[in-house]
1. From the list V14, V26, V31, V4, exactly one residue is surrounded by 11 or more Cβ atoms within 10 Å (Cβ to Cβ), among the hydrophobic types (A, V, I, L, M, F, W, C) and over 22 Å from K141 (Cβ atoms). Which is it?
2. Here is a check on your reading of the model: is R171 touching a residue at least 12 places away in the same chain (Cβ under 8 Å), basic (K, R) and within 23 Å of E33 (Cα to Cα)?
3. So, of the residues in the stretch 15-42 that are hydrophobic (A, V, I, L, M, F, W, C) and touching a Ser or Thr at 6+ places or on another chain (Cβ under 6 Å), which turns out to be farthest from I70 (Cα to Cα)?
4. Cβ-Cβ under 8 Å, sequence separation 6+ or interchain: first residue in the stretch 127-146 and without any contact (Cβ under 8 Å) to a residue 60 or more places away in the chain, partner among the small types (G, A, S). Which pairs?
5. Evaluate the following for T93: is it hydroxyl-bearing (S, T, Y) and under 22 Å from N117 (Cα atoms)?
6. Select from the stretch 81-119 the residues that are in contact with a helix residue (DSSP H, G or I) (Cβ under 9 Å, 6 or more places away or on another chain) and among the small types (G, A, S) and list them in ascending order.
7. Does E180 qualify as being surrounded by 14 or more Cβ atoms within 10 Å (Cβ to Cβ) and either at positive phi or not assigned by TED's automatic domain parsing to the domain that holds P108 (or both)?
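The values are calculated or read from the model by the stated rules, or taken from the named source; none is laboratory data. Please read all numbers here as calculations on a predicted model, not as lab measurements. Using ideal geometry, Cβ is built from the backbone for each residue, glycine included, and neighbour counts are taken over all protein chains shown.
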Amino acid sequence: MSTVLEKYLPKSAVIPCFELIRLNNVHLKIVDERATRHGDYRRNPDGTHQITINSSLNEYKFLITLIHEIAHLVAFKKYGQYIKPHGREWKQTFRDLMLPFIHPAIFPSRILPVVANHFKNPTASSDTDAKLSLALHYYDKKTDKNYIFEVPFGSRFRIYNGKIFKKGNKRVKRYECLEEATGKIYLFQPHAEVELL
């Protein structure tokens, strides 16, 4: 397992992650990219624990996602199955599990302060923290996609599911965009990745 993890994690994180996986008896599956999630945790009917992580994530996103999902498992074990999935018990568990990884031997100095700041109050998805998402994106494989904030006003763009939108005005933080097929307005985070048409 540790040799598999070496392909997906920062080198200094491999052994501690392997120990967390072993300690919590996790069956880890690395899967093809899913557009709607980076990973998930499931307690199987037979009592085993399964975590799936997208293979397409860069090593830093992979690490944060893996610890995020292990935090679900640990929080449910410690506090019971009726806690909120991303409630205070999970946040505290995620923060505690992530703390040993917030280290210059694991994260580059370019993103370490952003990661540390995020974990003062972690969110349900690293993608909802625009600063963290943009910092982590620097280490992704380069694509022909643009961020919404880079798309000129009135321009047309396509999202992952093929729907086409026209960019509108910025509200407080998000952008109003008109779906061409339905005429409905949707709000997009500034760091949402889209294909400019």
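1. Details: V14 fails: over 22 Å from K141 (Cβ atoms); V31 fails: over 22 Å from K141 (Cβ atoms); V4 fails: over 22 Å from K141 (Cβ atoms).
None of the other options fit; the residue is V26.
2. Taking the combined requirement at face value, the residue does not satisfy it.
3. Applying the filter and picking the extreme gives V31.
4. Once the first residue is without any contact (Cβ under 8 Å) to a residue 60 or more places away in the chain and sits in the stretch 127-146, its partners that are among the small types (G, A, S) give L132/S126; S133/S126.
5. Values: hydroxyl-bearing (S, T, Y): yes; under 22 Å from N117 (Cα atoms): yes.
So T93 fits the description; yes.
6. Hits for the stretch 81-119 are G87, A105.
7. Here the answer is no, as E180 does not meet what is asked.
Each row is one residue, and each column tells you yes or no for (1) touching a strand residue (DSSP E or B) at 6+ places or on another chain (Cβ under 9 Å); (2) among the hydrophobic types (A, V, I, L, M, F, W, C).
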| residue | (1), (2) |
| --- | --- |
| N25 | yes, no |
| L28 | yes, yes |
| D40 | yes, no |
| I53 | yes, yes |
| L63 | no, yes |
